[in-house]
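Worksheet: the structure to be examined is printed underneath.
The values are calculated or read from the model by the stated rules, or taken from the named source; none is laboratory data. Not measured: the values here are computed from a predicted model. When we count neighbours, we look across all protein chains shown, and the Cβ atoms used for this are built from the backbone with ideal geometry, even at glycine.
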Amino acid sequence: MASIVIKVPEPEKGSFNHNRPAGKLLQSQTLHLREALIKHLKDIADVLAIDPKSLKTEGEVSTYIQRATAILHTQARKP
């Protein structure tokens, strides 16, 4: 399935103010992002808890690689 590109217009000049207090929406989005980061930390900890030397079958190695790769791909684009 092809992805759909949604064009977002550029904000008007002066519409962003570094010193303006954050509104409820921005505060809420920050909490959601924090929860997502916590989930990723748990996912990372779960994968790191596995000793790669304990993986004996191709299936076990495949599962480990899939889990690790899925985490790493989420980190591919850093600001």
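Okay, here's what the table says:
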{"item": "Inter-residue pairs, beta-carbon under 9 Å, first free of Cβ contacts under 8 Å to residues at least 12 places away in the same chain and in region 40-56, second of a type in the set (Ser, Thr, Tyr), 6+ apart", "result": "Leu55/Thr63; Leu55/Tyr64"}
{"item": "From Leu41, Leu33, Leu25, Leu37, residue being more than 26 Å from Thr69 (Cα to Cα) and either part of a helix (DSSP H, G or I) or not aliphatic (A, V, I, L, M) (or both)", "result": "Leu25"}
{"item": "Residues located in region 50-79, provided they are within 20 Å of the chain's Cα centre (by Cα), modelled with pLDDT of 90 or more and aliphatic (A, V, I, L, M)", "result": "Ile65, Ala68"}
{"item": "Some residue of region 26-35 being surrounded by 10 or more Cβ atoms within 10 Å (Cβ to Cβ), β-branched (Val, Ile, Thr) and free of Cβ contacts under 8 Å to residues at least 12 places away in the same chain", "result": "yes"}
{"item": "Unmet criterion (only one of (1) outside any loop (DSSP other than H, G, I, E, B); (2) at positive phi) for Gly59", "result": "(2)"}
{"item": "Leu48 being exposed (fewer than 10 other Cβ atoms within 10 Å of the Cβ) and among the aliphatic types (A, V, I, L, M)", "result": "no"}
{"item": "Boolean, Leu26 is under 19 Å from the mean Cα position of the chain (by Cα) and hydrophobic (A, V, I, L, M, F, W, C)", "result": "yes"}
